[in-house]
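Here the structure is laid out as structure tokens; the discussion comes afterwards.
The values are calculated or read from the model by the stated rules, or taken from the named source; none is laboratory data. Worth saying up front: this structure is predicted, and the values here are computed from it rather than measured. Because the Cβ atoms are built from the backbone with ideal geometry, glycine has one as well, and the counts that use them run over all protein chains shown.
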2 protein chains.
Amino acid sequence: MATYDLIVIGAGPVGENVADRAAQGGLSVAVVEQELVGGSCSFWACIPSKALLRSANALQHAHSVDGAKQAITGELDVPATLARRNWFVNDWQDGGDVDWLESVGIDLYRGHGRITGERRVLVNGSDGPSELEARHAVAVCTGSASLIPDIPGMVDARPWTNREATSAQHAPSSLAIFGGGAVAAELATAYAGFGTTVTVLARSGMLGRMEPFAGEAVERGLRALGVDIRTPVAVVGVERLADGVHLSLGDGTTIIAEELLVGAGRVPRTGDLGLESVGIKGGDWLDVDETLRVKGHDWLYAVGDANNRVLQTHQGKYQARAAGDVIAARAKGQHVDDLPWGTHVATADHAAVPHVVFSDPQVAVVGLTADQARKAGKRVRVVDYDLSSVSGAELHADGYAGQARMVVDEDREVVLGVTLVGREVAELLHAATIAVVGEVPIHRLWHAVPAFPTMSELWLRLLEGFGRPGPAIATTAR
Amino acid sequence: MATYDLIVIGAGPVGENVADRAAQGGLSVAVVEQELVGGSCSFWACIPSKALLRSANALQHAHSVDGAKQAITGELDVPATLARRNWFVNDWQDGGDVDWLESVGIDLYRGHGRITGERRVLVNGSDGPSELEARHAVAVCTGSASLIPDIPGMVDARPWTNREATSAQHAPSSLAIFGGGAVAAELATAYAGFGTTVTVLARSGMLGRMEPFAGEAVERGLRALGVDIRTPVAVVGVERLADGVHLSLGDGTTIIAEELLVGAGRVPRTGDLGLESVGIKGGDWLDVDETLRVKGHDWLYAVGDANNRVLQTHQGKYQARAAGDVIAARAKGQHVDDLPWGTHVATADHAAVPHVVFSDPQVAVVGLTADQARKAGKRVRVVDYDLSSVSGAELHADGYAGQARMVVDEDREVVLGVTLVGREVAELLHAATIAVVGEVPIHRLWHAVPAFPTMSELWLRLLEGFGRPGPAIATTAR
């Protein structure tokens, strides 16, 4: 039996960060991983999907600027794009991450980890079982898997999930995508760029959780790429036949595609973790407190997708920093800083989750939508601005189209949320995230000058749209 | 004699903004302009220079991504690029800005404005003189002009300034550039992209006021474009002959170029404004207080380059917002909010001036360099990070190279300055500007999560480099 201060189950980016922070805090740490160290993000999600998108994206930018477009006489090289993606995922070899674990003194156990009791984990590895004991904590960082909808024939049709779609070695001639979220938007964009005939089946429109104009812009963008978007739509049956996957729609029509990609939500990967041994029902999301500790179990943490707070890699890593730090602090008997925005809590999960959809146009959001803010009882003012009117955007691309929305708390005069839609808005988002997280008053934001002529000058237009709080407010703001 | 609450001399972006804010505050406003309404920025500086750069920039991006680069078989179309620039400057017609002035009820006087006494301006227009009187204030927004260095033969050689270089209708076969600042860096990049043989003569390196690694990276970038950079170098004589401009260097060698561009500093355009009539020496920069009012003259303001606080269009516009608002407030007898970061002062001029150099790589800076912070008596910690290690940068371009520096006040644990070098860093800057202006504590910045995989994840690396302030600090920060 090997003993560690902390055992982390799952060595994706979340598990790696929990382990890293705890190790930096002086704890001995083991991580358990049954697949590749580095996780879905590195191998089957964020990284390969962005690699699949970038080549066409770079080309489209050049296509949209007079003087540059004349130099482009060829087409996207799809095999080269796929090969570039293979490079980014290191041909699905995790040597780099394994080396990193070793370099920071974290032990890796390869195999399936199962909790066998309080602070005990059994790893079934290819070279036999390992019994591990944790002095202080076990962290479940097993992430999530694609939800396969309960539609007749769906499972038997062997649909692609994000894993197959991001690791494919050739582009199918046709692809049906079931879903209307980020996975659908990004992979429809990527495969349409490869020349695949893409049909999106979105039950209720694209990007339904965001400001309505975001999904509408992405729909327009996809249609401009030749994507057939069916929404609202019901899929009532699925069957894989010799000529492809047949999807029967509620209106009686049928769609046939070489492959079917399902991007319709996620389910927790907690079903085979032995949680029952400590009185927790497996297969559900794990309910945690603000320090990411499973309620009722002072030694057990669930970090990242597994706790269902926010299903985003970067936010899971954020939680992981708090969790790793608080596990170390508790182990050492140090002060736990669990007030809002403290070191040991994931306050931003509620207030400032960034999300970028790398479609064309891109969508970048942080914080609350207008609707969410109102439902949260805030007195809200919404400022909209046409991003195409910003000089930096006009210079960026001929015919640039984009839209921005800022949601302001009228009582506190702070930004609650920002939504940006347009080409290359991804890097504009972090300014909004800092404004929201920092609770920087609007009056002070007027002193944050955007460089001219950048797209960030949007900020000035949003502030002008809100108006400048007068001196009466100004002199009390700080 | 026409009477207004405010008379603004100079209708560049700065004058336009002073006029606009004052008009929004309820004042009657006249602006006087002897050239084009919209000013240098719109017609001979920011806008056309970025337009000249963008086409090659977009093409270089596509060139640097495998899968995309295979589609590019042609060259930059220089005539199309110049035509696109012509579109952005509206063929040097200012109708749009003139229409805007009219739409907001601001009167335009075309001609040379001269102060003839306290609150009096005489406009010599093409259709005769106009005598204007200001009830409350006159604002000098005449900007700056290129400094022509006092080198034998320089003036007679009729060098280009930014005006000629940004409005040229063809690319010369060869161009010598005297200077090492932003104008030199950007226009060397643009003309090298057009196939011009470019030689840069920089007395003491490139971008000397910034962190040293910024200028070094720009030098490397220019050399990669084929630019011949001579530094340190002395130019001792200039002569325009039939075969071009001959520049005699201090080492006895001669450079011959079809055109010579001078980008070696600025001089105030205050020499012919009648300032002597109110006891101010013309031709100098105008010394102003924090509300942009000329010291000793309660009715006279100098906004933008003319006051020599910061020679940047966006910062001049920022000053203009404060100045227009304070002129209106004083005219109406309202409270003047002139505490630091108040509505009526330009505090960011001292703490948070953003500056982007649109070279390849781009350079984006805000706030203090490490050296400036130390000289200001701050206890400073510097965090450096290799931007090429950020996944978002790797995805953006094959072989991405970049560097970032964050300068932190160790006593207050706030960011004092950030320098970013690399392709497409321009839009990353505003996050830093908000952090500096908002004085967001490092501890809180840890909660500002960058979306993965964007280049903005740099922030996480910078914070990790600084370290996470412990709970003792955390609990007192907010």
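Summary of computed values
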| read-out | value |
| --- | --- |
| Selected residue [touching a residue at least 60 places away in the same chain (Cβ under 8 Å), surrounded by 22 or more Cβ atoms within 10 Å (Cβ to Cβ) and either touching a Pro at 6+ places or on another chain (Cβ under 7 Å) or not assigned by TED's automatic domain parsing to the domain that holds residue B:134 (or both)] from B:78, B:65 | B:65 |
| Evaluation of residue B:126 against (1) touching a strand residue (DSSP E or B) at 6+ places or on another chain (Cβ under 9 Å); (2) modelled with pLDDT under 95; (3) within 28 Å of residue B:323 (Cα to Cα); (4) not β-branched (Val, Ile, Thr) (one fails), failing number | (3) |
| Which listed residue, of A:264, A:214, is modelled with pLDDT under 95 and buried (at least 20 other Cβ atoms within 10 Å of the Cβ) | A:264 |
| The listed residue being away from every other protein chain (no Cβ under 14 Å) and either farther than 30 Å from residue A:190 by Cβ or of a type in the set (Lys, Arg) (or both), out of A:300, A:339 | A:300 |
| Test result for residue B:418, aliphatic (A, V, I, L, M) and not assigned by TED's automatic domain parsing to the domain that holds residue B:461 | no |
| Residue A:115, sole failed condition from (1) of a type outside the set (Asp, Glu); (2) at pLDDT 95 or above; (3) farther than 25 Å from residue A:316 by Cβ; (4) not assigned by TED's automatic domain parsing to the domain that holds residue A:256 | (3) |
| Which listed residue is of a type outside the set (A, V, I, L, M) and over 26 Å from the mean Cα position of the chain (by Cα), from A:316, A:296 | A:296 |
| Checklist (1) buried (at least 22 other Cβ atoms within 10 Å of the Cβ); (2) within 24 Å of the chain's Cα centre (by Cα) applied to residue B:373, failing item | (1) |
| Region B:342-390, residues that are assigned to a loop (DSSP other than H, G, I, E, B), under 13 Å from residue B:416 (Cβ atoms) and at the interface with another protein chain (Cβ under 9 Å from one of its Cβ atoms) | B:352, B:353 |
| Candidate set from region B:396-425 (those that are surrounded by fewer than 24 Cβ atoms within 10 Å (Cβ to Cβ) and facing chain A (nearest Cβ under 10 Å)); member that is nearest to residue A:453 (Cα to Cα) | B:424 |
| Scan of region A:323-336 for residues that are within 12 Å of chain B (Cβ to nearest Cβ) and among the hydrophobic types (A, V, I, L, M, F, W, C), ordered by number | A:326, A:328, A:329, A:336 |
| Members of region B:82-97 that are within 14 Å of chain A (Cβ to nearest Cβ) and among the acidic types (Asp, Glu) | B:97 |
| Conditions (1) part of a loop (DSSP other than H, G, I, E, B); (2) at the interface with chain B (Cβ under 8 Å from one of its Cβ atoms); (3) under 16 Å from residue B:440 (Cα atoms); (4) not small (Gly, Ala, Ser); number of the one not met by residue A:439 | (2) |
| Members of region A:17-38 found to be among the acidic types (Asp, Glu) and under 23 Å from residue A:334 (Cβ atoms), listed by number | A:20 |
| Residue check, residue B:298 exposed (fewer than 15 other Cβ atoms within 10 Å of the Cβ), free of Cβ contacts under 8 Å to residues at least 12 places away in the same chain and assigned by TED's automatic domain parsing to the domain that holds residue B:119 | yes |
| Scan of region A:38-48 for residues that are surrounded by fewer than 24 Cβ atoms within 10 Å (Cβ to Cβ) and part of a loop (DSSP other than H, G, I, E, B), ordered by number | A:45 |
| Set B:293, B:266, B:321: member being charged (D, E, K, R) and in contact with a Leu (Cβ under 6 Å, 6 or more places away or on another chain) | B:266 |
| Pick from region A:410-431, criterion free of Cβ contacts under 8 Å to residues at least 60 places away in the same chain and more than 26 Å from the chain's Cα centre (by Cα), ranking: nearest to residue A:350 (Cα to Cα) | A:412 |
| Flag for residue B:448 being of a type in the set (Gly, Ala, Ser), within 11 Å of another protein chain (Cβ to nearest Cβ) and touching a strand residue (DSSP E or B) at 6+ places or on another chain (Cβ under 8 Å) | no |
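Residue-by-condition table, conditions (1) more than 12 Å from chain B (Cβ to nearest Cβ); (2) under 22 Å from the mean Cα position of the chain (by Cα):
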{"site": "A:2", "(1), (2)": "yes, no"}
{"site": "A:5", "(1), (2)": "yes, no"}
{"site": "A:14", "(1), (2)": "no, yes"}
{"site": "A:74", "(1), (2)": "no, no"}
{"site": "A:80", "(1), (2)": "no, no"}
{"site": "A:99", "(1), (2)": "yes, no"}
{"site": "A:104", "(1), (2)": "yes, no"}
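Yes/no per residue for (1) out of contact with any strand residue (DSSP E or B) (no Cβ under 9 Å at 6 or more places or on another chain); (2) within 28 Å of residue B:406 (Cβ to Cβ):
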position: B:200; (1), (2): no, no
position: B:203; (1), (2): no, no
position: B:213; (1), (2): no, yes
position: B:223; (1), (2): no, yes
position: B:227; (1), (2): no, no
position: B:242; (1), (2): yes, no
position: B:247; (1), (2): no, no
position: B:255; (1), (2): no, no
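Matching residues to (1) free of Cβ contacts under 8 Å to residues at least 24 places away in the same chain; (2) among the basic types (Lys, Arg); (3) buried (at least 20 other Cβ atoms within 10 Å of the Cβ):
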residue	(1), (2), (3)
B:7	no, no, yes
B:13	no, no, yes
B:19	no, no, yes
B:24	no, no, no
B:27	no, no, yes
B:50	no, yes, yes
B:82	no, no, yes
B:92	no, no, no
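Here is a yes/no grid of residues against (1) surrounded by 24 or more Cβ atoms within 10 Å (Cβ to Cβ); (2) not hydroxyl-bearing (Ser, Thr, Tyr):
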residue: B:274; (1), (2): no, yes
residue: B:279; (1), (2): no, yes
residue: B:315; (1), (2): yes, yes
residue: B:318; (1), (2): yes, no
residue: B:321; (1), (2): yes, yes
